[in-house]
Amino acid sequence: MTSSCHIQFSPSSALPSVPRVLSIAGTDPSGGAGTAADLKSITAAGGYGMSVVTALVAQNTHGVRDLHVPPADFLAAQLRAVSDDVTLDAIKTGMLGTAEIIATVAAWLDDLQPTILVVDPVMVATSGDRLLQPEAEQAMVAFCRRATVVTPNIDELAVLTGQPRAAAEDEALEQAARWSAETGVAVVVKTGHLDTLTVTNTWLSPDGARIAVPSTRVDTTSTHGTGCSLSSALATRLGRGDSPAAALAWATDWLHESITHGAALRVGSGHGPVDHGHRARRLQAAASSAPWLMPDAVPHLLETPAGLGAPRAGDDGHKVAVPAPALAPPGPWTAALWAAGAETNTAIADSDFVRALVDGSLPQHAFAFYLAQDALYLNGYARALAALAARSTDPASQVYWSQAATGALTEEAELHRGWLGTADHGALDPAPSPVTAAYTTFLLATALGEDRAVGVAAVLPCFWLYAQVGAALPAVPADHPYAAWLDTYRDPGFVTATEQALAQLEAEMAAASPAVRAAGARAFLTACRHELEFFDQALRIEPGGEAALPAAATNRPELAGSAR
């Protein structure tokens, strides 16, 4: 008996907050693929993972050395032991190496009738080698017809559809669309094995609907187990009630981050695994309550800038390298501040947000969230700048800070007119995030309640760090999704305004007392950390948590010049 699993994709109060997901696959003692990758992926996607082993595999990052297949009746016993006791919200199958194994799993599924069944039809390796005997291959082709969704690679899609291997994405999509319409089973077409800069995962429904989630190819050899990982994460998100669009977006974004950081694990000397836990560790670090600045981070009394700017040890105990500033400090005090903020400033340049923004892989939901928060930030920032203008005694300083405040408000208005106020979003009025609210509150409290020099130190990072990012940007093609936005980082007018802000702070610090200089240094370093948090926060939200950005908005002329 073969029957497709049908599902209504809508959240339900009956679904558990932590979906219970079963992986049926082979093992990988090196941890990169099979049940090891499945369980890591299920956990990362928010589920409780369970596993039934179809084969014991002796392999590492260089390949398979040996294989042991337990008796089919033991496989059946494993399956029954789990389903007799646990309600399963989703099931993912991986390597089902023989026709007998496939038949055993199929018989169990016929009795269980699961709501979500994601089949990763492991038939062809990345190298192109066929992994199944002809009899088992045909059994797997039939088995796929009972799935909710299948996730073949390009070679497996050819086997599944009985067509030659697709040479281009359009050809693969047409193959999948015909098969999906015929079988009633959804297909996720993955273009990772095609020679393209953009890697797209596309969900094709039997009714012809398509959901494309693009990403950017990562230049790495740490791709072992990506197929296992994507299908397991997808099963988990579907099992928790996500729509296909939301589930595929989450799984694709998470896997891109995992691939990007896989090489840093330094596991094996061959094709290494992805870093399934990077996102979780990143979010864990973001939730830390550890103080940003320890009491001895800045000398309490500064007679000279030498002590403030001296290289210090980072979190790993090594001296922090000071990056060359794109805009030279006009004097010793701003030079010392730049050196003191080296660790945070380097973290901004190397952050996942900035890297993804530059290479074009930043998810549109993250960019949309960033723009909305930037509009709110600029409103508060303008008030802080206006406060500095009101407190200045020098006419030239009053004019400068007043013009800066007006410029911030103009940029905020541009964001609302250019994106937040579009017809696609109606009268969307986003609320400030905790990160944005904390930053603007800090700026206003400092500008209004501290010495003027301290207030100037607090507002400077918004100028200086953005100018630094802009100066380091490579040239991007016109079709880059964020080309118009990136161009604003190196706007000549913004560079000039930053140079003037630096001159203002240098003069304020030179005239200040040691105690005020110390307070100014702490304000500067605190604002630098707020900038890092402001960038990073966009990658802490779920796809669908904010309104998606219209496809054309990132290159619309009215957004040019809106970056802070």
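In plain terms, the chain from V64 to A321 could stretch by 88.2 nm, reckoned as 0.36 nm per residue minus the Cα-Cα distance.
Here, the chain has an Rg and a Dmax of 27.3, 88 Å when only alpha carbons are counted.
Kindly state, to the nearest 0.05, the FRET efficiency for A515 paired with T410, given R0 = 25 Å and r defined as their beta-carbon distance. Write out the running numbers ahead of the final one.
Details: r = 36 Å, r/R0 = 1.46.
Between A515 and T410 the formula returns 0.10.
Stretched out straight at 0.36 nm per residue, the stretch from A445 to E542 would grow longer than its current Cα-Cα span by 31.8 nm. Charge tally for V124 (other residues, Cβ to Cβ under 15 Å; Lys, Arg +1; Asp, Glu -1): -2.
For the range 20-263, give the share of DSSP beta bridges that are antiparallel, in percent and rounded to the nearest 5; count only bridges with both residues there. It would help to have the intermediate numbers written out before the result.
Details: 17 of 34 bridges.
That works out to approximately 50 percent antiparallel.
Please give the peptides 443-455, 227-239 ranked by average Cβ packing (other Cβ atoms within 10 Å per residue), highest first, as a rough proxy for protection.
Values: 443-455: 20.0, 227-239: 30.0.
In decreasing order of mean packing, 443-455, 227-239 become 227-239, 443-455.
Note on the chain: antiparallel DSSP beta bridges, both residues inside, total approximately 50 percent of the bridges counted.
Have a look at the DSSP beta bridges in the range 31-161 and tell me what percent are antiparallel, nearest 5.
Values: 6 of 11 bridges.
Approximately 55 percent, going by the DSSP bridge assignments.
A P(r) calculated from all alpha carbon pairs of the range 333-559, with 10 Å bins opening at zero, reads 8, 33, 37, 18, 4, 0 percent. Here each label is just a point 7 Å from Cα along the line to Cβ, and for Q138 and W292 those points are 6.6 nm apart. Per-residue ellipticity at 222 nm computed for the chain from its helices equals -15500 deg cm²/dmol, with DSSP H segments shorter than 4 residues left out and the rest contributing -39,500 (n - 2.57). Between Q163, A372, S23, the Cα set farthest toward the positive side of the dipole of the chain (charges on each charged residue's Cβ, about the Cα centre) is that of A372. A protection proxy built from the mean count of other Cβ atoms within 10 Å ranks the segments 367-378, 280-291, most packed first, as 367-378, 280-291. When +1 charges are put on Lys and Arg Cβ atoms and -1 charges on Asp and Glu Cβ atoms, the dipole computed for the chain relative to its Cα centre reaches about 680 debye.
Net charge near E137, counting Lys/Arg +1 and Asp/Glu -1 over other residues with Cβ under 13 Å of its Cβ? With Lys, Arg at +1 and Asp, Glu at -1, the net is -3.
When peptides 167-175, 526-534 are ranked by their average number of other Cβ atoms within 10 Å per residue, the highest-first order is 526-534, 167-175. Dipole magnitude for the range 20-263: about 320 debye, using +1 per Lys or Arg Cβ and -1 per Asp or Glu Cβ, origin at the Cα centre.
Farthest toward the positive end of the dipole of the chain, out of S258, L96, T436, is the Cα of T436, where the dipole comes from beta carbon charges about the Cα centre. R0 = 60 Å: FRET efficiency of S269 with A431, Cβ-based, nearest 0.05? Rounded to the nearest 0.05, the efficiency is 0.75.
Each reported figure results from applying straightforward, stated rules to the coordinates on display, with no laboratory input. As the structure is a prediction and not an experimental result, all values here were calculated from the model. So basically every Cβ, Gly included, is an ideal-geometry build from the backbone, and we count neighbours across all protein chains shown.
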